[in-house]
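The values are calculated or read from the model by the stated rules, or taken from the named source; none is laboratory data. Please read all numbers here as calculations on a predicted model, not as lab measurements. Cβ sites come from the backbone with ideal geometry, for glycine too, and all protein chains shown count toward neighbours. We work out accessible area using only protein heavy atoms, side chains counted, and drop any ligands, DNA or RNA first. Shrake-Rupley method; radii C 1.70, N 1.55, O 1.52, S 1.80 Å.
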There are 2 protein chains.
Amino acid sequence: MARKKNATLNDIASTIGVAPMTVSRVVNGTGYVSEKTREKVLLAVKEMSYRRNGLARNLKRQKTDTVGLVLGDISNPYSTEIANAVRERLAARGYNLFICISEHSANEDIGAFESLVDHNIDGLIVATRSNQEGDERLRSIADSNLPVVVVGRDFHHSRVDFVSADNLRGGFEATQHLIDLGHRRIAFIGAGFESRSSLKRLQGYLNALEKHGIEIDERLITGRKESVSDVPGYSTEKIGYEGMKRLLSLPSPPTAVFARNDFTAVGAMSAIKDAGLSIPQDIAIVGFDDTPLASHMMPALTTVRQPMRLLGQLAAEMLLKRIAIEDELERDERVLDCELIVRGSSVATS
Amino acid sequence: MARKKNATLNDIASTIGVAPMTVSRVVNGTGYVSEKTREKVLLAVKEMSYRRNGLARNLKRQKTDTVGLVLGDISNPYSTEIANAVRERLAARGYNLFICISEHSANEDIGAFESLVDHNIDGLIVATRSNQEGDERLRSIADSNLPVVVVGRDFHHSRVDFVSADNLRGGFEATQHLIDLGHRRIAFIGAGFESRSSLKRLQGYLNALEKHGIEIDERLITGRKESVSDVPGYSTEKIGYEGMKRLLSLPSPPTAVFARNDFTAVGAMSAIKDAGLSIPQDIAIVGFDDTPLASHMMPALTTVRQPMRLLGQLAAEMLLKRIAIEDELERDERVLDCELIVRGSSVATS
DNA sequence: TGCTATTAAGTTAACGTTAACTTATTTTCT
DNA sequence: AGAAAATAAGTTAACGTTAACTTAATAGCA
């Protein structure tokens, strides 16, 4: 038996002998309908298990009450917290949220954009890492006047709002903290030196070193250039582990490490322990994000906390504002403070 | 300036003096179009930055090439791995994936179902925890002949396929492992005794105890009944911590703990350490899911690995099959093996 | 040369809904 | 009682697309 076709407004209307519009009124609770008719309609709706066709409805209404969110790394609590916060704020205002993942490539970014725009979402929030083709596509979407907000990444467009944590300052403070503890050979794990302009945390690290007159040693900046698409999930742990191994094999290894995020830090911690060294006595370590696991590590991980919920909330609000106000709007740009959370992995060891 | 309206096929067609259908043909690359016309159309499309209206298109085509995935706890790598696997498989077959989160309530489950169905998705994958109202709604969706697959949870419907890890067996083996190590007072953290029918892991635990003639002590089964909606993210860590505290305050505390998942286990580990006890000497512990952090704990956490990617892949394939074959299909049901990963948190301490 | 096949369009209608308007009936109020 | 207001519908057209069909011109071929 082939898939049975769903009943339409017309089907309902013709079986009970009213106009489709009347059924529409009942279903949507708008306009005038007599109690008698309403009941008749409701009965038929139930009987024929009618369900309105959202496509047709949205086509006619010219809006979908739906917002799209494109996430990069979905395995990261950073993303998921933002997603949750966004969803909550949107739900409170009657909007649905569709999430698309774009884990690996610019292609997938574009695919996600396309599929969301194809569904005529009312607005788009983007929290992926920046890349050229994706940005181009995004620019043309913004040009078409769809409300867009980007979170935690660079993107410049006069009609696109922007909200991010202050990664530059966060990276600076994390490094400064290690310097304050007396460290001079401080490594960075999670990206190569060439990422310094796009990765603010790395730039913050460099700034801190420079400020204190510590020479930058590129051998202490280690990441992985090749694609890591073969490693699903928290791939940054592996990068942290391998990066740390590499650092430990240097003629003069670092005494402290700033990792681009907590997962990288956790991987690095494992490598340090595997090498028979102890934290923070031999090597101090600082992460980024304050994921819940940071506080459960042994020793607990010093890290930089981002206000993820706030990021999500603000992003949602900026977008809702853009959706509500159809006029040209000033680009809104918010950079939120991070907070250094000092724990056992980086205490003074006189 | 109000939002400018997007150009339509008609706009393009009338400005260059062809029929809308011709433009449609060019845009979709179907049918016969002369090279000259094609170029003219393509130029206008670019000039007027035309973008097809997916709503209208899908309404006409009666399909969207889109699948919906409803996730419960998005903060859990279990969910995110499944999501990734599903997305990959679907993408390979030209389908888009829209993810909806339903973190807290039956209401949100239903909201997610509705918003996806409203967009006329071609199929639905559900990976939330079961609840009555949500299941009712899901049943009626399945009744309407929309292809549906559920992952990792109970749901019975003749047209709904099912794929899950063998949580019962996993729970059994985890507990059996602790028994084999000589433990007799084994606690379960993460749910109350009353969840035994819906939580297979707990049932597996109970079965193992029973098999070995160990009396079930309900005081050793601890969870949290109240809503945890105030705790975003990995809330189960908190449950683990608090549950463990409660267990340690018992007159005769357990010597081993089976936690419903790794996050709960990590929380419990912290509580054990905070109490000045050591793992596994004083208390052995086993988690579930083999999240990446499990291997990085100190000691590394023994846990039960679920084949998450496989779960996602199978779910996607089952759904695609249902979408492709419109005829009545036998309910497909797959239960996949888990694997016990023994690590430092549960070794023999003769 | 005539006949079929191919190419290149155009035309019509429908996907399922709702905004906007119209008509008819009932109620309310002075 | 009569006019204005409120209620209860129905009608029309459009949202933007494409499937299915038609028409017309050109190409291919025996």
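The table that follows gives values for the structure above.
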{"item": "Residues of segment B:139-153 satisfying the condition of being touching a residue at least 60 places away in the same chain (Cβ under 8 Å) and more than 15 Å from B:D109 (Cβ to Cβ)", "result": "B:P147, B:V149"}
{"item": "Qualifying residue in segment B:77-88 (condition: open to solvent by 60 Å² or more (accessible area, probe 1.4 Å), away from DNA strand C (no atom under 11 Å from the Cβ) and not β-branched (V, I, T))", "result": "yes"}
{"item": "Residue match in segment B:51-67 (condition: more than 13 Å from DNA strand D (Cβ to nearest atom) and open to solvent by less than 30 Å² (accessible area, probe 1.4 Å))", "result": "yes"}
{"item": "Residue identified as in the same structural domain as B:A92 (by TED's automatic domain parsing) and of a type in the set (K, R) among B:K273, B:K245, B:K238, B:K321", "result": "B:K321"}
{"item": "Flag if A:T255 is at pLDDT 95 or above, in contact with a Lys or Arg (Cβ under 8 Å, 6 or more places away or on another chain) and open to solvent by 10 Å² or more (accessible area, probe 1.4 Å)", "result": "yes"}
{"item": "Top-ranked residue in segment B:109-128 [being under 15 Å from the mean Cα position of the chain (by Cα) and part of a helix (DSSP H, G or I); ranked as farthest from the other protein chains (Cβ to nearest Cβ)]", "result": "B:D109"}
{"item": "Test: residue in segment B:74-87 that is within 9 Å of another protein chain (Cβ to nearest Cβ), within 15 Å of DNA strand D (Cβ to nearest atom), in a loop (DSSP other than H, G, I, E, B) and among the hydrophobic types (A, V, I, L, M, F, W, C)", "result": "no"}
{"item": "Among (1) away from DNA strand D (no atom under 16 Å from the Cβ); (2) modelled with pLDDT of 95 or more; (3) open to solvent by less than 30 Å² (accessible area, probe 1.4 Å); (4) touching a helix residue (DSSP H, G or I) at 6+ places or on another chain (Cβ under 6 Å) - the single one B:F98 does not satisfy", "result": "(4)"}
{"item": "Cβ pairs under 9 Å, 6+ apart, first in segment A:188-208 and outside any helix (DSSP H, G or I), second among the acidic types (D, E)", "result": "A:G192/A:E218; A:S198/A:D154"}
{"item": "Residue in segment A:317-328 that is within 14 Å of another protein chain (Cβ to nearest Cβ), over 30 Å from A:F98 (Cβ atoms) and modelled with pLDDT under 95 present", "result": "no"}
{"item": "Exclusive hit being in a helix (DSSP H, G or I), in contact with a His (Cβ under 8 Å, 6 or more places away or on another chain) and either at the interface with chain B (Cβ under 9 Å from one of its Cβ atoms) or in contact (Cβ under 8 Å) with a residue 60 or more places away in the chain (or both), set A:L59, A:L90, A:L55", "result": "A:L55"}
{"item": "Conditions (1) within 14 Å of chain B (Cβ to nearest Cβ); (2) without any contact (Cβ under 8 Å) to a residue 24 or more places away in the chain: number failed by A:G287", "result": "(2)"}
{"item": "Residues located in segment B:1-22, provided they are open to solvent by 50 Å² or more (accessible area, probe 1.4 Å), β-branched (V, I, T) and either over 16 Å from A:V117 (Cβ atoms) or more than 10 Å from DNA strand D (Cβ to nearest atom) (or both)", "result": "B:T15"}
{"item": "Filtered residues of segment A:319-338 (kept if loosely packed, with under 14 Cβ neighbours inside 10 Å and among the acidic types (D, E))", "result": "A:E326, A:D327, A:E328, A:E330, A:E333, A:D337"}
{"item": "Residues located in segment B:49-64, provided they are more than 9 Å from DNA strand C (Cβ to nearest atom) and either over 40 Å from the mean Cα position of the chain (by Cα) or under 11 Å from B:L9 (Cβ atoms) (or both)", "result": "B:Y50, B:R51, B:R52, B:N53"}
{"item": "Of residues in segment B:23-37 being within 17 Å of B:Y50 (Cβ to Cβ) and within 6 Å of DNA strand C (Cβ to nearest atom), the one surrounded by the fewest Cβ atoms within 10 Å (Cβ to Cβ)", "result": "B:T37"}
{"item": "Given (1) open to solvent by less than 20 Å² (accessible area, probe 1.4 Å); (2) farther than 30 Å from A:A92 by Cα, index of the condition B:V149 fails", "result": "(2)"}
{"item": "Qualifying residue in segment A:76-83 (condition: outside the structural domain of A:P292 (by TED's automatic domain parsing), more than 30 Å from A:I141 (Cα to Cα) and among the charged types (D, E, K, R))", "result": "no"}
{"item": "Subset of segment B:111-138 that is in contact (Cβ under 8 Å) with a residue 12 or more places away in the chain and more than 22 Å from B:I323 (Cα to Cα) - its residue that is surrounded by the most Cβ atoms within 10 Å (Cβ to Cβ)", "result": "B:G134"}
{"item": "A:K46, sole failed condition from (1) part of a helix (DSSP H, G or I); (2) within 12 Å of DNA strand D (Cβ to nearest atom); (3) under 43 Å from the mean Cα position of the chain (by Cα)", "result": "(2)"}
{"item": "Checking B:L43 against (1) more than 9 Å from every other protein chain (Cβ to nearest Cβ); (2) touching a strand residue (DSSP E or B) at 6+ places or on another chain (Cβ under 7 Å); (3) at pLDDT 95 or above, the condition it does not meet", "result": "(2)"}
